[in-house]
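Structure first, then comments.
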Amino acid sequence: MYIKGVGMTKFGVHVKTTQELCYEAIMEALDDADMPLVDIDEIIISKGDSENDAERQRLFTGVLSSILKDEDIPIIRVTAACSGGGAAIWNAVNSESKNTLVVGVEKLTPPPTKYVTDDLMMASERIYEQTEGLSFPAQNALIAQQYMMKYGVSSDDLALVALKNHENAFDNPKARFYGKKVTLDMIKKSPVVASPLRLFDCSISVDGAAAAIISKEKNDVEIVGSALYTDRLPAFEARDMVSWEATRLAVGSAYKQAGVTPKDIDFVEIHDAFTPVELISYEDLGFCNKGEGARLIREGVTKLNGKLPVNTSGGLKAKGHPVSATGISQIYEIVKQMRKQADKRQIDRTKIGLAHNVGGVGSTVTAHVLKYIGG
């Protein structure tokens, strides 16, 4: 399968509705593909349910049909929490349709933090986590504690992850923190959210949409590997809290399909919902041995000018995390880099890229290997 076109709104705080955000991303993707809507055979949308959604609309497939003014295209919806975008891409890759439009959208502002937190916690275990108030920052803090004790990782290492991603987002016009200078001192002095995680160790909830057109027709970017795996929901049920089996299985399958190894990957978009997740993912994706993730960030390996650039977009940390749109926005960034359209954050080696999208605390994971084959 090939990628014909991509589109994405700016991630941030929008007065636009989810319908308007979807429309903007879709029109950009169609324009990028130089393709009319009539050539689309199927639409897959990723969008979460919210008990606090001011728009009060769960049948969003019908809404999308209305704004596109077309009743001939079947529209289905995928919900997989934070991995919804990646899951939508995976479904498109495995579809029989010639041209599938994939779109992800979420509007997480302006409801108060309490309501957003309650909604996001619906992707966690009901009895042991939701009723006990174990929010995602708290869950990831427990993982960070285990990781730091086991491998000698420090808060300074986590701060370097945040700094790198903010530096990348500074030059990304689509990112929430575009043009906003963040220093290491600011990161280290930010408030503690759930020890050892500080404010800058946590990704930011934003509004946004992203779209991609997946096609059987040959084009310049090919999806050569695509996998989705699901593990247990509560993090404490995992065999190893600091190594996510679903990530290892998904990327292992995607590598095998693509006929590549971790050494062949030129750059990566990693699901850095929290800074320790990026370090753990370095290891689970095969870029270093277990416990060596901190070494990569210390040595600058994953910086924009490093041997393996990670999150050139700014990642969830600084680009923003509109949940259902995140996995598709990763594809957007990889395609832009491969086509040499990333401007100031453009990197040199962009032949093979990897997108890694996670739902929950390692519960549902997608991995996509993209290859640039030229136009």
Modelled with pLDDT of 95 or more and not in a loop (DSSP other than H, G, I, E, B): is that true of residue 304 in this structure?
no
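Conditions tested, residue by residue: (1) assigned to a loop (DSSP other than H, G, I, E, B); (2) surrounded by fewer than 20 Cβ atoms within 10 Å (Cβ to Cβ).
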| residue | (1), (2) |
| --- | --- |
| 16 | yes, yes |
| 25 | no, no |
| 29 | no, no |
| 35 | yes, yes |
| 43 | no, no |
| 48 | yes, no |
Going by what's in this entry, would residue 265 be described as crowded, with 24+ Cβ neighbours inside 10 Å and among the hydrophobic types (A, V, I, L, M, F, W, C)?
no
Restricting region 275-301 to residues that are among the small types (Gly, Ala, Ser) and assigned to a helix (DSSP H, G or I), the one nearest to the chain's Cα centre (by Cα) turns out to be 281
For a quick check of your reading of the model, give me the residue pairs whose first member lies in region 64-75 and is more than 16 Å from residue 25 (Cα to Cα), whose second is modelled with pLDDT of 85 or more and charged (D, E, K, R), with beta-carbon atoms closer than 6 Å and at least 6 apart or on different chains.
74/42
Please work out which residue is farthest from residue 316 (Cα to Cα), limiting yourself to region 206-228 and to residues that are charged (D, E, K, R) and assigned to a strand (DSSP E or B).
222
Can you spot a residue in region 245-256 that is more than 19 Å from the chain's Cα centre (by Cα), assigned to a loop (DSSP other than H, G, I, E, B) and surrounded by fewer than 24 Cβ atoms within 10 Å (Cβ to Cβ)?
no
Yes/no for residue 283 being without any contact (Cβ under 8 Å) to a residue 60 or more places away in the chain and either aromatic (Phe, Trp, Tyr) or under 16 Å from residue 246 (Cα atoms) (or both):
yes
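Let's see how each residue does on (1) charged (D, E, K, R); (2) in contact with a Pro (Cβ under 8 Å, 6 or more places away or on another chain):
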{"residue": "268", "(1), (2)": "no, yes"}
{"residue": "280", "(1), (2)": "no, no"}
{"residue": "285", "(1), (2)": "no, yes"}
{"residue": "288", "(1), (2)": "no, no"}
{"residue": "299", "(1), (2)": "yes, no"}
{"residue": "311", "(1), (2)": "no, no"}
{"residue": "316", "(1), (2)": "no, no"}
{"residue": "321", "(1), (2)": "no, no"}
{"residue": "325", "(1), (2)": "no, no"}
Out of (1) assigned to a loop (DSSP other than H, G, I, E, B); (2) modelled with pLDDT under 95; (3) buried (at least 19 other Cβ atoms within 10 Å of the Cβ); (4) not aromatic (Phe, Trp, Tyr), what's the single condition that is false for residue 272?
(2)
Considering residues of region 206-228 that are surrounded by 20 or more Cβ atoms within 10 Å (Cβ to Cβ) and of a type outside the set (A, V, I, L, M) only, the residue farthest from the chain's Cα centre (by Cα):
215
Going through region 176-220 in order, the residues found to be touching a Phe, Trp or Tyr at 6+ places or on another chain (Cβ under 6 Å), within 18 Å of residue 327 (Cβ to Cβ) and hydrophobic (A, V, I, L, M, F, W, C) are 206, 210
Being surrounded by fewer than 18 Cβ atoms within 10 Å (Cβ to Cβ) and part of a loop (DSSP other than H, G, I, E, B) is the filter here; which residues of region 179-193 pass it?
179, 180, 181, 183, 189, 190, 191
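Which one is nearest to the chain's Cα centre (by Cα) among residues in region 322-345 that are assigned to a helix (DSSP H, G or I) and charged (D, E, K, R)?
Here is the first cut: in region 322-345, the ones assigned to a helix (DSSP H, G or I) are 323-338, 343-345.
Filter once more, keeping what is charged (D, E, K, R): 333, 336, 343-345.
Working: 333: 10, 336: 15, 343: 21, 344: 21, 345: 18 Å.
Residue satisfying both the conditions and the ranking: 333.
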Which numbered condition residue 359 fails, given (1) modelled with pLDDT of 95 or more; (2) touching a Ser or Thr at 6+ places or on another chain (Cβ under 6 Å):
(1)
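The values are calculated or read from the model by the stated rules, or taken from the named source; none is laboratory data. In this text, all values refer to a predicted model and were calculated from it rather than measured experimentally. With ideal geometry, Cβ positions are generated from the backbone for all residues, glycine too; neighbour counts draw on all protein chains shown.
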